[in-house]
Amino acid sequence: MRRIAVLTSGGDAPGMNAAVRAVVRSADFHGLETFGVRDGYAGLIEGRVEPLGARAVSGILHLGGTVLGTARSPAFRTTEGRRQALKHLDLFGIDGLVVIGGDGTFRGGDALSREGHIHVVGIPGTIDNDLIGTDFTLGFDTAVNTALESIDRIRDTAASHGRLFFIEVMGRHSGWLALYSALAGGATEVLVPERPTDVARIRERIRRSFALGKRFCLVVVAEGDDAGSAFEIAEAVAEGVDVDHRVTALGHVQRGGPPMMRDRVLGALLGDAAVAALIGGADRAMVGQRCGEVVHTPLERTWSTADRTPEDLLTLMDRLAR
Ligand code: F6P
């Protein structure tokens, strides 16, 4: 292995830059040349590849988003798109590729490796934390903390007015963000895509909470909940509850901002581990951290095995919300 490339793909996540920096610096340490690909697989198809020396990644560690740019590329899902991408990798003499993203990114990387002479290693980067093979994905910690800052502010105004608030957080298919935000934010209810939502039960619980003297209630809703958006759920729940209610959708606010310590350290660790994995001959593998250890997981397991929100924490959430 002499030349490697790195790209970020799918939704950006705080900590991606820390991982890019670690890949470049670690490769430099091991005597490898690194190339950066602009805008994920879309940029690879178009040949937007450029050398990244150790100095080129100075001053990016603390930045949110991804300095390489990212995209969701429909063209890369086609054989022709991947053929173009492989052509450009060949042109630059690149034989190892680090892809930072979620399961969609890994599907693309897996296909690329099967169709060409390229070793692909993945780094889990998504605020959704919905990947097996790692305790946490890059960006999750920061996104939860960002959501929490808003939830704390909403609590102030909810408590002052004695209102019921519905707060929608991201997570189209996953409730990790919602669960951690709700647990750490002291919400009364959390609604996640993995658990069918029983509107009548929630209405009754909230009605009872207010009847027992609770002055305000927070309900955290994952955007992918089966009962609909936070706005729809709020209408359905509030119908039978005689309390003023409001809805706040946090949206993309959760994806931006400087990475917290955990995402910077995880980015450093996994960037370095990805380079070591490529040097060691790994292919179609994701590097992750479990119980403090770096572990490798076959890329295909990341989309064939769902990483559901932990039942024990959902139960704990229910037990503590009074
Ligand atoms: O990156 C993950 C995620 O933020 C999900 O939580 C969310 O559902 C989705 O991306 C939004 O994607 P986009 O920014 O493309 O609308």
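Brief remarks follow.
- Any chance residue 115 is away from the ligand (no atom under 15 Å from the Cβ), at negative phi and modelled with pLDDT of 95 or more: yes
- Considering 179, 183, the condition of being of a type in the set (A, V, I, L, M, F, W, C), closer than 25 Å to residue 126 by Cβ and open to solvent by less than 10 Å² (accessible area, probe 1.4 Å) is satisfied by 179 alone.
- Selected residue [of a type in the set (Gly, Ala, Ser) and open to solvent by 30 Å² or more (accessible area, probe 1.4 Å)] from 143, 75: 75
- Just so you know, in segment 148-172 the residues that are touching a Leu at 6+ places or on another chain (Cβ under 6 Å) and open to solvent by less than 10 Å² (accessible area, probe 1.4 Å) include one that is farthest from residue 19 (Cα to Cα), and it is 169.
- Hey, residue 199 closer than 15 Å to residue 177 by Cβ and either within 16 Å of the ligand (Cβ to nearest atom) or open to solvent by 20 Å² or more (accessible area, probe 1.4 Å) (or both) or not: no
- Applying the criterion of at least 3 residues that are farther than 20 Å from residue 38 by Cβ to the strands (runs of 3 or more DSSP E) found wholly in segment 74-189 leaves 164-169.
- Single condition residue 98 does not satisfy, out of (1) of a type in the set (Val, Ile, Thr); (2) open to solvent by less than 10 Å² (accessible area, probe 1.4 Å); (3) within 15 Å of the ligand (Cβ to nearest atom): (3)
- Unique residue being assigned by TED's automatic domain parsing to the domain that holds residue 126 and either closer than 21 Å to residue 104 by Cβ or away from the ligand (no atom under 16 Å from the Cβ) (or both) when the list is 280, 224: 280
The values are calculated or read from the model by the stated rules, or taken from the named source; none is laboratory data. Keep in mind that this is a model prediction, so the values were computed, not measured. We place every Cβ from the backbone using ideal geometry, glycine too, and count neighbours over all the protein chains shown. Ligands, DNA and RNA are excluded from the accessible area calculation, which covers all protein heavy atoms including side chains. Shrake-Rupley method; radii C 1.70, N 1.55, O 1.52, S 1.80 Å.
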